[in-house]
Amino acid sequence: MIGFAFMFSSFISKSTSSTTVGFSVYIVGFLTQVVTIFGFPYTDNFSNTQRIIWSFFPPNLLAKALQLLADATSTPQDPGIRWSHIGKCAPNDIDCIITVSDIYIWLVSTYILWVSLAIYFDNIFPNSSGVRKPIFYCLNPGYWSGKGGNKVEEGRICSCMWSVPTLGNTYPDDEDVLQEENIVKQQHREGFVDPNLAVEIHGLEKVYPGRTNIGCCNCKRSAPYHALKGLWMNFPKDQLFCLLGPNGAGKTTAINCLTGITPVTEGDALIYGHSIRSSVGMSNIQKMIGVCPQFDILWDALSGQEHLYLFASIKGLPPASLKTVVQKSLAEVRLTEAARVTSCSYSGGMKRRLSVAIALIGEPKLVILDEPTTGMDPITRRHVWDVIENAKKGRAIILTTHSMEEADILSDRIGIMAKGRLRCIGNSIRLKSRFGTGYIAHIRFSATSANVTPSREDVTAPACHEEVKLFFKDCLDVVPKDENKSFPTFVIPHYKEDRLTKFFEELENREEEFVEGHH
């Protein structure tokens, strides 16, 4: 019955449906057992075909076995059934169609059959995200050997979603994004394999089909939603790439596509040479990545230590090293004291730290962190930043965040997404020089000289203001962005950095003049 239940679970995704199906199987099983006890179909009056079909349902075999046991012990003179005689019929069994030994063989055989079908159906039927494998995936040699997976044709991961329109060819507006796209496209056309790249994204698109809303008078169909509109990017090894963007920009969708949670609509991505649109490739990819999802996926009944033991075992770490690795991981995220506490008692920040530790355990080649420091206090956040920074060696890390400070400190390169597109890309200095406001200078005026009384401060302030504004205008060609009685603010653009040296030299030369001017 366990294998039979596994097989049915491949078709059922809701608890309400499982309850209904479970009770239905119970009722049907009770009725078929009653029929079996009355002799159907294990007598000479029925054919072998009928008996074979009937024996595929496990409760029928159980009922027949109990009947044989009851017949063998119906009177005090009956010898019963001994283990050494399970292959023989009881003396009072006139028909002798099936023995206890035959029933054992049938139960083991049907268990293997139902479990095999459960695994097969679980792979070919789409999950809640629409991901499934091809019908004949098990005939692909790469599925058994683990080799290959670098081409889509080797076994595409299919989607149950119907056809939706794509955007076609679109071109980015930003020059850095266009340059990145051209480099990736050229490598893709030439078939060039760069050993220093961990991830290559080739025109990744994700379109969610519209829904049909049926009303009392009409039917309306919403338009398809383009979550990703063609991403072309390379992620080098030993680097951290940070994806910035508002909610709904497509960051999490891109991560879900890379990890196989969501099927892609168009395009492809290679992770260490394995295609995300290949069933073989995705199987290999999932063995070499660690993921910290946006929302914690933890078991309330397990402690933090037990979570790490579980995931370390799944990733194939040697049993002898599990204790050392788990203790080290707990210490890195400062959860040693709470190691034996169940995760349901953890705060939000502690759960995020545990998720980060799970993602990093087992030395994965690619680590994907989706907003990992959400809910952490500043001190713990800084400590986790150190953990992530130390983890960059020997692997690639993709991090999504809303924090510009986090991206500036951790990332080697930054990509900013909006509305499913990559809007700009580059390192922190490059983006600051192109899109930053520049340097901000705050000037404070004070009348502290013995020659200036408080009553004269209002008289001298306008002259001081004008003198300072004239100085900034002559040296840097800037005017105050914000100005009040004693606190003007100047913004110096990045492209005027070359004038700052002369500006400070002139300021030092006129220091006494400005001091005398009381500002």
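Things worth noting here:
Per-residue answers, yes or no, for (1) aromatic (Phe, Trp, Tyr); (2) farther than 30 Å from residue 244 by Cα:
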site: 302; (1), (2): no, yes
site: 307; (1), (2): no, no
site: 311; (1), (2): yes, no
site: 320; (1), (2): no, yes
site: 327; (1), (2): no, yes
site: 336; (1), (2): no, yes
site: 348; (1), (2): no, no
site: 402; (1), (2): no, no
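- Summed over the range 300-317, the residues that are free of Cβ contacts under 8 Å to residues at least 40 places away in the same chain and farther than 11 Å from residue 362 by Cβ give a count of 4.
- Considering the range 111-145, the residues that are exposed (fewer than 14 other Cβ atoms within 10 Å of the Cβ) and of a type in the set (Gly, Ala, Ser) include one that is modelled with the lowest pLDDT, namely 128.
- Some residue of the range 457-471 being aliphatic (A, V, I, L, M), in a helix (DSSP H, G or I), surrounded by 13 or more Cβ atoms within 10 Å (Cβ to Cβ) and modelled with pLDDT of 70 or more: yes
- Matching option when the condition is touching a Ser or Thr at 6+ places or on another chain (Cβ under 9 Å), hydrophobic (A, V, I, L, M, F, W, C) and either assigned to a helix (DSSP H, G or I) or at pLDDT 95 or above (or both), among 269, 320, 312: 312
- Of all the listed residues (378, 372, 364), the sole one being of a type outside the set (Lys, Arg) and surrounded by 22 or more Cβ atoms within 10 Å (Cβ to Cβ) is 372.
- Matching residues, the range 323-337, being of a type in the set (S, T, N, Q), in a helix (DSSP H, G or I) and free of Cβ contacts under 8 Å to residues at least 24 places away in the same chain: 324, 327
- The lone exception for residue 85 - which of (1) modelled with pLDDT under 80; (2) within 19 Å of residue 2 (Cα to Cα) it fails: (2)
- Yes/no for residue 431 being closer than 30 Å to residue 233 by Cβ, at pLDDT 75 or above and not polar (S, T, N, Q): yes
- Restricting 234, 284, 247, 256 to residues that are within 22 Å of residue 408 (Cβ to Cβ) and either part of a helix (DSSP H, G or I) or at pLDDT below 90 (or both) narrows the list to 247.
- Filter result for residue 152 (at pLDDT 65 or above and out of contact with any Pro (no Cβ under 6 Å at 6 or more places or on another chain)): no
The values are calculated or read from the model by the stated rules, or taken from the named source; none is laboratory data. Not measured: the values here are computed from a predicted model. When we count neighbours, we look across all protein chains shown, and the Cβ atoms used for this are built from the backbone with ideal geometry, even at glycine.
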